[in-house]
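Notes to accompany the following structure.
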Amino acid sequence: MTRFNAWNVFKNGFTGQKNWDRQWRDPEPKKEYDIIIVGGGLHGLATAYYLAKNHNKKNIAVLEKGWIGGGNAGRNTTIVRSNYMMPGNHEFYEHSLKLWENLSHDLNYNVMFSQRAHVSLFHSPSARDGAARRYNIMRLHGTDGELWDLDTLKNNIPHLNYNNARFPILGAAVQKRAGNARHDSTVWGFARAADSLGVDILQNCEVTGVKRSQNNIESIETSRGTMKAKKVGFAVAGHTSLLWQMAGLGNLPIESHKLQAFVTESIKPLLDQVVVYGVGGAHFYISQSDKGSMVFGGDLDWYKSYAQRGNLPMVQDSAEAAMAIMPCLGRIRLLRHWAGVMDMSMDGSFFICKTPLSNLYLNAGWNYGGFKASPASGWYFADLIANEQPHKNVQNHNLERFEKGINIDERGAGPDPKLHG
Amino acid sequence: MIRIKCPYCGERDHSEFTYGGDASIKYPSLDASVSEWTKAIFFRENIRGIQKETWHHTNGCRLWLEVERSTITHEIKSVKACHPQIDKITKNKS
């Protein structure tokens, strides 16, 4: 694999850009792997990368039913932040943010991580107090966070609706190290970096069956043949339940819901930050891509679904929210909108854990937050698979937490997956 | 838009309704073990295909309905009231 550096860019400029290597190989599946990761999205590829890099594991395959970047890696709003409050979550997401800060150098691939600040507006004194509590807890744990009063907010983002909003803006809770990154680059970067460490990335390779004995998985049947594996990791956001049932393991504390995102036509620079309408409450988040499009998203479609297409009431809701905080967007045209299927877990937190089978490991339940979590998700999942015990930061992110009564419910919304936005 | 045929109000947009959840859950008896209750409250089959689910006609008759719907195509197979004797109750009143 040719490394990306100034010399190679210069050299290939003289040879018509014809001598670059493939970004990753297209290997034939082997009969047997030490570790098989099912799911070639951000989480699966990051896991394979860190297994090879941090734990020196060899003979790893990543199975992807479609193509790299064709699933939820290409269906998100690219926001990266670590404003979490619950024990376990804030350490985890802060670690993820730290990995993001060095990810482009680490992967030798520009993921275009832009720490442009994540600005959560608040609209009432009680919402301000709630934000102050959350951001103070973050600060006590070493994550940056600050509160902006109205004047500071107006100076930084002059064109929000400060005049006649239905819910007047009072200020904002801000995480300056947060921002966004380029989703395609991230998934391609992980694929390329994992491949360069010897990981086999098998595209168009759908898992069709799981052959198991009483206590472990013996082999995985796929559309490209049967493969034996010593260890198996599931990282298939949205469809985890199906794979889980294929392995004969019954039910999971997960429902599949769809979340829409929207992109408008390109306009000149308008918004320097990621702006969120309400802290963890009414949901609307907007940023401007490097191409100039406004990228935004809202709530779930509110009913369970595996369809990767959104429904119109949420288009209307999101457009209304956009108009409520940025009326200047009124004449902009929507170019595309799409929906991704996501694992909504019963308490809004993820799973990186062991399973009832001795050689199966689970990475699932990412709710809204999978994109920003992907580096740390791969990091801790690789750690779990390699060392066979969870790191202390994810020790409670398991399937047993519900029975123990130690749910990690960031929003306090209770056991209703659609409410954990 | 999904169109739900409410047995009392007729066919309406799904935006009039609130999605409840899985209608096939059977809650155990009150003295059942913690493990049984955990399974009923937190664990889901998460069907990809036709599932039974509840919808509340929030901006209509406010009845809870049991709907059979495909979670792939959103096609609705059947709609009925959750309360088994709701027909009797509404008839007696009229």
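Values in this text are rule-based calculations from the coordinates and carry no lab data. All figures in this text were calculated on a predicted structure; none of them were measured in a lab. A quick note on method: Cβ atoms are made from the backbone with ideal geometry, for glycine too, and the neighbour counts reach across all protein chains shown.
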- Task: Can you tell me the 0 to 90 degree angle between the C-alpha axis of helix A:89-101 and the longest principal axis of chain A, rounded to 10?
- Result: 80
- Average projected area of the Cα convex hull of the stretch A:119-194, in nm²? 7.2
- Task: Quick one: what are the phi-derived ³J(HN,Hα) couplings along the stretch A:398-405, Karplus 6.51/-1.76/1.60 with θ = phi - 60°, whole Hz, x for glycine and proline?
- Result: 10, 7, 8, 5, 5, 5, 6, x
- Item | Under 5 Å, built H, 5+ apart or other chain: amide partners of A:Asn359 | A:Ile217
- Anchor A:Lys31: lysines whose Cα lies under 21 Å away (excluding residues fewer than 8 positions away in-chain): A:Lys57, A:Lys58, A:Lys65, A:Lys211, A:Lys228, A:Lys230, A:Lys231
- Item | Alpha carbon convex hull of the protein assembly as shown, volume per residue in cubic angstrom | 176
- Based on the alpha carbon coordinates of the stretch A:262-421, what radius of gyration and maximum Cα-Cα distance (Dmax) apply, in Å? 18.4, 57
- Query: Taking the Cα centre of each part, how many Å lie between the stretch A:358-395 and the stretch A:72-126?
  - Reply: 17
- Working from Cα positions, state the angle (0 to 90°, nearest 10) between the long axis of helix A:42-55 and the longest principal axis of chain A. 60
- Note on the structure: When chain B is treated as a Gaussian network with springs between alpha carbons less than 10 Å apart, the largest mean-square fluctuation among B:Thr73, B:Thr58, B:Thr38 is found at B:Thr38
- Note on the structure: The computed P(r) of the stretch B:28-89 puts the percent of Cα pairs beyond 14 Å at 69
- Mean Cα-pair separation over length for the stretch A:222-329, i.e. relative contact order, pairs under 8 Å, 6 or more apart, %: 24
- Item | Residue-wise HN-Hα coupling along the stretch A:361-369, computed from phi with Karplus coefficients 6.51, -1.76, 1.60 (Hz; x: Gly, Pro) | 10, 10, 10, 6, x, 8, 6, 7, x
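Charges at C-beta only: +1 for Lys and Arg, -1 for Asp and Glu. How large is the resulting dipole of the protein assembly as shown about its Cα centre, in Debye rounded to 20? It would help to have the intermediate numbers written out before the result.
Working: 61 positive and 50 negative charges, 136 e Å.
Using only the charged Cβ atoms, the result is roughly 660 debye.
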- Note on the structure: Any residue on another chain or 5+ positions along whose placed amide H is under 5 Å from the amide H of A:Lys231 is listed here as A:Ile35, A:Ile36
- Task: At a Cα cut-off below 15 Å, give the aspartates and glutamates reachable from A:Lys404, other chains included and same-chain residues fewer than 8 away excluded.
- Result: A:Asp347, B:Glu36
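Run the numbers for A:Asp184 and A:Glu265: contour at 0.36 nm per residue of separation, minus the present Cα-Cα distance, in nm. Walk me through the numbers before you get to the answer.
Numbers: separation 81, 0.36 × 81 = 29.16 nm, distance 1.90 nm.
Taking A:Asp184 through A:Glu265 to full extension adds about 27.3 nm, to one decimal.
Can you say what percent of the DSSP beta bridges in chain A, counting only those with both residues inside, are antiparallel? Round to 5. Write out the running numbers ahead of the final one.
Working: 48 of 68 bridges.
Just about 70 percent of them are antiparallel.
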- Query: Residue farthest toward the positive end of the dipole of the protein assembly as shown, with Cβ of Lys/Arg at +1 and Asp/Glu at -1: which of A:Met294, A:Ile406, A:Gln17?
  - Reply: A:Gln17
- Query: Setting aside same-chain residues fewer than 8 positions from A:Lys392, which aspartates and glutamates have a Cα under 12 Å from its Cα?
  - Reply: A:Glu91, A:Asp383
- Item | Paramagnetic reach from B:Glu36 (point 7 Å along Cα→Cβ, amide N under 15 Å) across the stretch A:374-417 | none
- Query: Based on the mean of other beta carbon atoms within 10 Å per residue, what is the order of A:221-229, A:325-333, most packed first?
  - Reply: A:221-229, A:325-333
- Amide H partners (placed H, <5 Å) of A:Val210, local residues excluded: A:Glu221
